[in-house]
Amino acid sequence: MAYTPRAWTRTAIPSSATLHCLRRFTAGYTPALHRQVVAAGGFTAWFEKQLTSQYADAWYTTSATWWTSINASAETLWQRQVDGIEELWLADANYERWALVRRLGSQRQVLETMAELWEHHLHVPATGEVGPFRTSYGKTIRKHALGRFEDLLQAAIVHPAMAVYLGNANSSKRAPNENLGRELLELHTVGRGNYDEDDVKASARILTGYRVDSWRTWAFSYDPAHHWTGPVQVMGFAHDNGAADGRPVVQAYLRYLAHHPATARRIALKLARRFVSDSPPDALVDRLAKVYLAHDTQIRPVLRALVASTEFKAASSVGKKVRTPTDDVVATWRALGVQISARPADSESEAGANAILWQASSVGIRPFSWQPPDGRPDTAAAWSSTSRFLNSLDVHYTMAGGWWPSIGTRYRTPASWLPATQIRFDHLVDHLARSIHGRGSTSLLLQAACEATGCSPGTIITSTHDLVRWEMPRLLTVFLDCPTHMTR
């Protein structure tokens, strides 16, 4: 049998170049996203509006109210744990849910994409171990996600969540804890090969003075009595560090690191690996690093340069990034047009807004559960195992059938996928490819759809056809299980 695709041109799709950009900078293609780009006047105008936060942010503020812990103060979160109302690990789980929900429905897709990227770069796990500070930390990262990296670094490194996670909360002049001082150099800024052990020791001494009253009041403070004083030198940074209050030294030190050429290259590599390829060309990384330094560590100019680069546009880049488990889950919700119809009653309800976290866990990893400080890996090798693939198929099938999650969740009806009252099967396959993938069907996709459902290309489908009555979940998984959906 010949499987020749038939185009259903009534379903509009973006150009291949625009689709590539959208797949890299959003949580997944949708027809609504395409309409938003068209309304903006094209991808370039849309991207600029995204970079300058011109789209509404109501989804962020509205969804934040679904879990009490999201807008609660650190004191309230701790009191809720003490009173047995909600343990800290559940508050952190709520933050992870909110992060997924933000990506699912936000009109500020580029901001949410960048917020997630920086949360992995400046990683702090959301597993209940940093006290009541994890949600505040995530909000702080998002606030600076499209601004200057120096501001982001300054805010993240002195945040109590980071202090607790990497031991700076109990570091003192008598016994400086080197964890944060080392990871700041190795992971957050210049990277290995640019510092030695003496630099690590000096880095730790500079950061002394910040205190957290862990597991009692969780009060966060700066205590000059715990700050190590005396001359310090880290690589090319030197300071007499003579004052008891070392915070100005910390600020100057972080400014030095943010503007260091090695940091510029490390940030450029991080962005290129996320948006271009697992192994981006050195020439691109070098160019992006120059843009970063020339613009006072601002992220927006670097992203503009990245999108305009020939390396980003190259055919060898398109569709080569494997979606992480969280990417896959959120993209599946978006592809199927699944909506959250009701807020969760509490942190332990089985509502869709809560269950999305368990879906990500079943596929491979929760958003911020990676335990080491280097953050979740972002390469195909890390997320291409057989078990991960099979778990993705399971989530795809249960969602295509609308079986789980079922509470507080609204699915499309099978008949709603038909663009006309009656339609040839090959036309329907093309319409679904355009709606879910953002591009037309192929011969191989049509063949897979025919074999999965028993239909032939010329079969006429109506709302009462057995395909719509019984086999639509099987048909939808053809689109979700294929490489086009599993990559971005």
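The values are calculated or read from the model by the stated rules, or taken from the named source; none is laboratory data. This is a predicted model, so every value here is computed, not measured. Here the Cβ is made from the backbone with ideal geometry for all residues, glycine too, and neighbour counts use every protein chain on show. Only protein heavy atoms, including side chains, enter the accessible area calculation; ligands, DNA and RNA are left aside. Shrake-Rupley method; radii C 1.70, N 1.55, O 1.52, S 1.80 Å.
The figure for Lys173 is an accessible area of roughly 90 square angstrom, using a 1.4 Å probe on the protein chains alone.
Note: region 309-409, Cα convex hull, 140 Å³ per residue.
How big is D, in µm² s⁻¹, for region 75-158 by Stokes-Einstein at 25 °C and 0.890 mPa s if Rh is the Kirkwood radius over C-alpha pairs? Could the numbers behind the result be given before it?
On the way: Rh = 13.4 Å.
For these conditions, the coefficient is 183 µm²/s.
Sorting His188, His295, His260 by solvent-accessible area of protein heavy atoms yields His295, His260, His188, largest first, with a 1.4 Å probe.
The calculated P(r) of region 126-282, using every Cα pair and 10 Å bins from 0, goes 11, 38, 35, 13, 2 in percent. Between Ala2 and Glu451, residue separation times 0.36 nm minus the direct Cα-Cα distance comes to 160.4 nm.
In this simple spin-label approximation, Ala244 and Arg35 carry label points 7 Å from Cα along the Cα→Cβ vector, and these lie 6.3 nm apart. For a label point 7 angstrom out from the Cα of Ser387 toward its Cβ, which stretches of region 298-341 have the backbone nitrogen within less than 20 Å? Under 20 Å, as judged by backbone N against the label point of Ser387, lie 323-329 of region 298-341.
Across region 262-313, the fraction of Cα-Cα pairs farther apart than 14 Å, rounded to a whole number, is 38%. With a simple spin-label model that places each label point 7 Å from the Cα along the Cα-to-Cβ direction, the separation between Ala415 and Ser221 comes to 6.8 nm. Packing-based ranking of 476-483, 189-196 yields 476-483, 189-196, ordered from highest to lowest mean Cβ neighbour count within 10 Å.
Residues whose amide H lies under 5 Å from that of Gly167, counting only those 5 or more places away or on a different chain, are absent; hydrogens are built 1.01 Å from N in the peptide plane. On the principal axes of its alpha carbon atoms, region 368-417 extends 45, 24, 16 Å, with the longest extent given first.
When the Kirkwood radius is taken over all Cα pairs of region 19-150, what Stokes-Einstein diffusion coefficient follows at 37 °C and 0.692 mPa s, in µm²/s? Display every interim value, and only then the final one.
Numbers: Rh = 15.8 Å.
Approximately 208 µm²/s, per Stokes-Einstein.
Would you mind calculating the gained length between Glu87 and Glu350 on full extension (0.36 nm times residue separation, minus the Cα-Cα distance), in nm to one decimal?
On the way: separation 263, 0.36 × 263 = 94.68 nm, distance 1.75 nm.
Going from the current span to full extension adds 92.9 nm.
Diffusion coefficient (Stokes-Einstein, Kirkwood radius over C-alpha pairs, 37 °C, 0.692 mPa s) for region 200-287: 214 µm²/s, rounded to a whole number. Counted over the chain, the DSSP beta bridges are approximately 95% antiparallel. Each Cα pair under 8 Å and six or more residues apart adds its sequence gap; the mean of these over the residue count of region 262-313 is a relative contact order of 36 percent.
Per residue Cα convex hull volume for the chain, in cubic angstrom?
Numbers: hull volume 68.2 nm³, N = 488.
Normalising the Cα hull of the chain by residue number yields 140 Å³.
In loop segments of region 234-316 as defined by DSSP, there are no trypsin sites (Lys or Arg not before Pro) with at most 12 further C-beta atoms inside 10 Å of their C-beta.
Could the peptides 246-253, 342-349 be put in order, highest first, of the mean number of other beta-carbon atoms found within 10 Å of their residues? Don't jump to the answer; show the numbers that get you there.
Values: 246-253: 18.1, 342-349: 15.1.
Ranked by mean Cβ neighbours within 10 Å, highest first: 246-253, 342-349.
Between their Cα atoms, which of Lys143/Lys321; Lys143/Lys201; Lys49/Lys313; Lys270/Lys320; Lys139/Lys321 are more than 23 Å away from each other?
Details: Lys143/Lys321 27 Å; Lys143/Lys201 31 Å; Lys49/Lys313 21 Å; Lys270/Lys320 16 Å; Lys139/Lys321 27 Å.
Flagged as over cut-off: Lys143/Lys321; Lys143/Lys201; Lys139/Lys321.
Entry comment: accessible area of the chain is 39 Å² per residue, from protein heavy atoms only and a probe of 1.4 Å. In terms of the mean number of neighbouring beta-carbon atoms within 10 Å, the peptides 36-45, 102-111 order highest first as 102-111, 36-45.
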